[in-house]
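Comments concern the structure below.
The values are calculated or read from the model by the stated rules, or taken from the named source; none is laboratory data. These numbers were taken from a predicted model, which means no experiment stands behind them. Counting neighbours? That spans all protein chains shown, and the Cβs are built from the backbone with ideal geometry, glycine included.
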Amino acid sequence: MLTPNILRKSQLNEDGIDVRWQTFTAPHTTLLHSHEFYELELTLSGETTEYINGSPYEKVRGAISLLSPADFHTYNVADGEMKVVNIMFGENCMPGGLINSIFDKNLRRSIILSEDKTNTFSHLFSAMDDFKHYDEYLKNTLIKRLIETILLIIIKEYNSNGLTVNLNQKSEMERALHYIDLHFRDNPSVPDVAAYISLSPDYFSKSFKKYTGLFYTDYLNKCKIESAGFLLKSSTMSVTEICFNSGFTSLSNFLRVFKEQTGKTPKEYRTVHKFK
């Protein structure tokens, strides 16, 4: 069952680099939360069920979870201990093509590795400790290359398990949609997204409407409402908290848009869809 709370985590290292890694014994209760960065978590021992965006995944030795800023997850360790190794990193730690491929919202968020691959990944994760005392440029370069290597091996594992990850270059609009899907809570503007895919704002707006059938603001609100619907079903957060955690800056606007898109008020929606 999902933990009826939510926590938004935003801290990485205090030394300014966009990565943090650690091996630790997981707490018995992990609150439902998301991050403002990307996360890889490899289970070394223990057994439970992890819920990612409401979907259950087996969390046992060799299970590796891939989480983007748009993903919510939680798990409870009922018996014994769970040891995990975890890497959290910013978007500038990996090439855009990998972001668009492996963090696609339609891709399964967790897979289970073989024992050999589990040992390999554990060694790769721990290799970052060797970089701690290097100068800043060399350390950051090596960490980025290591994260890229880990992600490429994960993609190979996905493909070996019949879960195809497409590494082909995505179109401009596909890249734009993926960017919005990951960052909608930050309210990216039309110029922000246009700059990300190297288009002028006017051309992007027209192309976006033609490609999606929606105006940019309508698509952005759609992403926010989908997130709000999930939180209404899976948490006990207040409607006001959900409003702001979903990226809205005005409660009245949230209530209006939610009713327009779902036909219900948030309280009515929660009553009908509450997670059991």
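Does region 223-238 contain at least one residue that is more than 28 Å from G96 (Cα to Cα) and loosely packed, with under 14 Cβ neighbours inside 10 Å? So far as region 223-238 goes, yes, one or more of its residues are more than 28 Å from G96 (Cα to Cα) and loosely packed, with under 14 Cβ neighbours inside 10 Å.
Among the residues examined, K259 does not qualify as surrounded by fewer than 20 Cβ atoms within 10 Å (Cβ to Cβ), modelled with pLDDT under 95, assigned to a helix (DSSP H, G or I) and not hydrophobic (A, V, I, L, M, F, W, C).
Screening the candidates E58, E91 for the property of being of a type in the set (D, E) and more than 21 Å from T29 (Cβ to Cβ) yields one hit, E91. Restricted to region 28-56, and to residues there that are at pLDDT 90 or above and hydroxyl-bearing (S, T, Y), the residue that is farthest from T236 (Cα to Cα) is S45.
Close contacts from region 100-114, counting a first residue that is under 9 Å from A63 (Cα atoms) and a second that is part of a loop (DSSP other than H, G, I, E, B), with Cβ to Cβ under 6 Å and a gap of 6+ residues or different chains, come to I112/G62; L113/G62. If S200 meets every condition in (1) of a type in the set (S, T, N, Q); (2) farther than 30 Å from E115 by Cα; (3) not assigned by TED's automatic domain parsing to the domain that holds F254 apart from one, which number is that one? Evaluating S200 over (1) of a type in the set (S, T, N, Q); (2) farther than 30 Å from E115 by Cα; (3) not assigned by TED's automatic domain parsing to the domain that holds F254 leaves (3) as the failure.
For region 238-247, residues that are more than 18 Å from P69 (Cβ to Cβ) and assigned to a loop (DSSP other than H, G, I, E, B) total 1.
Identification of helices (runs of 4 or more DSSP H) wholly contained in region 156-236 with 3 or more residues that are within 22 Å of the chain's Cα centre (by Cα), within 26 Å of E260 (Cα to Cα) and of a type outside the set (A, V, I, L, M, F, W, C) yields 172-183, 216-234.
Across region 146-204, the qualifying residues are those that are among the acidic types (D, E) and farther than 28 Å from S110 by Cα, and the one among them that is surrounded by the fewest Cβ atoms within 10 Å (Cβ to Cβ) is D202.
Within region 226-248, residues that are under 11 Å from R185 (Cβ atoms) have Cβ atoms under 6 Å from residues that are among the acidic types (D, E) and not in a helix (DSSP H, G or I) in no pair, counting only partners at least 6 apart in sequence or on another chain.
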